[in-house]
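Heads up, the thing below is written out as structure tokens.
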Amino acid sequence: MFAVMKTGGKQYKVQSGDMLRVEKLAADAGETVQFNEILMLGGDKTVVGAPLVDGAAVQAEVIDQVKGDKVINFVRRRRKHSSKRTVGHRQKLTLLKITEILASGADKTGVKAAVGAGSVAGVAAAAAAPKKAAPKKAEKPAAKKAAAPAAAGADDLKQLSGVGPALEKKLHEAGVTTFAQIAAWTEEDIAAMDEKLSFKGRIEREGWVDQAKELTGK
């Protein structure tokens, strides 16, 4: 009889007596652990899980905690200022001996479930720690929430030809908020505003001064 089990994000096909290395488990040498994520059972009768086989399990004895082969990661960047980096890694593993494959009754064995070493402390701490209330976001001052056009006495400068929200914002930032201000511009004022806001002759080309005079009734 064989089983296909899942642990550490990988799948393994095992039989009783097999020696197996899996992602490190939270168990000491000599302990018996039980894998409950069984995807398939095979033998005289094949049972395929949906996604798991109900009541099935694989039991194994922990032989030792070992390390896998060293993996070398070498990175080299070919640039004007080239760089090289070498990093070595040895994955922590648990050596197991498969002792029994159960087709049913997994929940009644009383054998400790196989759990990844990295998840035990985190799960226990998360369960024990009281949940913290989410910090309240600081309310923004009303002045920041309100857009520049909401200033008292400001006109809707978007009524001028070629003026949209972005251009209106630029004018507000330059201190121009009313049609009366634009209607009173002289040639020197127009030239200065053109240079300051990089309008490139837009003021005269669009005829803002004449439009502003009409809007103010002058």
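Every number in this text was worked out from the coordinates using simple rules, so none of it is lab data. Nothing here was measured: the structure is a model prediction, and the numbers come from that model. A quick note on method: Cβ atoms are made from the backbone with ideal geometry, for glycine too, and the neighbour counts reach across all protein chains shown.
Assorted remarks:
- Those residues of segment 168-183 which are touching a Lys or Arg at 6+ places or on another chain (Cβ under 9 Å), surrounded by fewer than 16 Cβ atoms within 10 Å (Cβ to Cβ) and assigned to a helix (DSSP H, G or I), in sequence order: A180
- Scanning segment 88-107 for residues that are outside any strand (DSSP E or B), over 13 Å from V58 (Cα atoms) and charged (D, E, K, R) yields a single hit, R90.
- For segment 1-48, the candidate set comprises residues that are touching an Asp or Glu at 6+ places or on another chain (Cβ under 9 Å) and in a loop (DSSP other than H, G, I, E, B); within that set, the residue that is surrounded by the most Cβ atoms within 10 Å (Cβ to Cβ) is N36.
- Of residues in segment 92-118 being polar (S, T, N, Q) and within 18 Å of K6 (Cα to Cα), the one nearest to the chain's Cα centre (by Cα): T94
- Note on segment 39-68: among residues that are closer than 24 Å to Q91 by Cα and not charged (D, E, K, R), the one that is nearest to the chain's Cα centre (by Cα) is G68.
- Pair list, Cβ < 7 Å and 6+ apart or interchain, from segment 172-185 residues that are within 9 Å of D155 (Cα to Cα) to residues that are of a type in the set (A, V, I, L, M): T177/A151; T177/A154; T178/A154; F179/A212; F179/L215
- Whichever residue in segment 152-166 is part of a loop (DSSP other than H, G, I, E, B) and touching a Ser or Thr at 6+ places or on another chain (Cβ under 9 Å) and, among such residues, is surrounded by the fewest Cβ atoms within 10 Å (Cβ to Cβ): G153
- Qualifying residue in segment 184-199 (condition: part of a helix (DSSP H, G or I), among the polar types (S, T, N, Q) and either surrounded by 15 or more Cβ atoms within 10 Å (Cβ to Cβ) or on the phi > 0 side of the Ramachandran plot (or both)): no
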